[in-house]
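The values are calculated or read from the model by the stated rules, or taken from the named source; none is laboratory data. Because the structure is a prediction, the values reported are computed rather than measured. Every residue, glycine among them, receives a Cβ derived from its backbone with ideal geometry; neighbour counts consider all protein chains shown. Note: areas computed on protein heavy atoms with side chains; ligands, DNA, RNA excluded. Shrake-Rupley method; radii C 1.70, N 1.55, O 1.52, S 1.80 Å.
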Amino acid sequence: MNNVAQTTNDIKNGSVLNLDGQLWTVMKFQHVKPGKGPAFVRTTIKNVLSGKIVDKTFNAGMKMEFETVDNRTLQYSYEDGDNFVFMDMTTYDQIMIPKTLVGDKAKFLLEGTDCLISFHDGTPLNVDLPGSVILTITHTEPGLQGNRSNAGTKPATVETGAEIQVPLFINEGDRVKINTEDGSYTGREN
């Protein structure tokens with residue numbers, strides 16, 4: 001373990017803490033010094049493996065274990081059994097990432113997509129896709145001419161096989177921007 005003993009005063013957004021043998025990423029923190037009583041640090045932390053988010057409060061100056069996490073941008077290459085293969089574009093190393101680490105976001109993963117992957121002691125912990133991706137509509141019912149409002153939506157299939165809801169005026173062959181967090185349509189790409 002390449003952990004560093006520090007205190008709650010060293011907490012920053014993005015810090016990775018080892019709490020009871022589990023790794024947690026600090027999403028938000030606030031040092032609080034009340035008028036009465038001791039100071040404390042209020043945090044919102046995310047479990048690196050499960051993705052569970054919790055609020056946790058620590059006493060100020062408390063000793064903590066910080067972990068070193070290596071964040072690398074890797075490009076998605078192809079699927080191989082239970083893994084996705086990513087390439088490091090500086091060394092051209094191919095790195096196998098378990099499909100379970102990508103989870104539901106895999107339905108928006110297209111060859112050549114750059115993803116931010118976090119590693120701890122060489123083990124991949126987390127895969128972050130870009131906030132949005134641009135994909136081509138491969139199947140949808142014909143659009144209604146003249147219907148340019150957001151009055152309704154219809155199902156559409158994109159090139160990765162994912163099904164999303166799009167406005168009625170979207171047609172097959174259109175390129176659309178999709179939010180990778182919730183799979184929502186955010187616009188049409190020209």
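Would you rank Ile95, Ile11, Ile134 by solvent-accessible area, highest first, keeping every protein chain in place and using a 1.4 Å probe?
Ile134, Ile95, Ile11
Tell me, what HN-Hα J-couplings in whole Hz come from the Karplus equation 6.51 cos²θ - 1.76 cosθ + 1.60 at θ = phi - 60° for each residue of the stretch 31-37, using x for Gly and Pro?
Once rounded to whole Hz, the list reads 7, 10, 10, x, x, 10, x.
So how much accessible area does Glu172 have, in Å² to the nearest 10, using a 1.4 Å probe?
100
In Å², what does the accessible area per residue of the chain work out to with a 1.4 Å probe?
On a per-residue basis, 58 Å².
At a Cα cut-off below 17 Å, give the lysines reachable from Lys36, other chains included and same-chain residues fewer than 8 away excluded.
Lys36 reaches no qualifying lysines.
How much of the accessible area of the stretch 6-65, probe 1.4 Å, is carbon plus sulfur, in whole percent?
The value for the stretch 6-65 is 51 percent carbon and sulfur by accessible area.
Residue by residue, what Karplus-based ³J(HN,Hα) values in Hz, rounded to whole numbers, does the stretch 159-175 have, using 6.51, -1.76 and 1.60 with θ = phi - 60° and x for Gly and Pro?
Those phi angles translate into 4, 8, x, 6, 9, 10, 9, 10, x, 4, 7, 6, 10, 4, x, 5, 9 Hz.
Using the structure shown, select from Lys107/Lys177; Lys28/Lys52; Lys28/Lys177; Lys33/Lys63; Lys12/Lys177; Lys56/Lys107 the pairs with a Cα to Cα distance greater than 25 angstrom.
Check vs 25 Å cut-off fails for Lys28/Lys177; Lys12/Lys177; Lys56/Lys107.
In terms of modelled amide H atoms, which long-range or inter-chain residues lie less than 5 Å from the amide H of Ile11?
Amide H neighbours of Ile11, under 5 Å, 5+ apart: none.
Along the positive direction of the dipole of the chain (beta-carbon charges: Lys, Arg +1; Asp, Glu -1; about the Cα centre), which of Pro124, Asn9, Asn47 reaches farthest?
Positive-end residue among those listed: Asn9.
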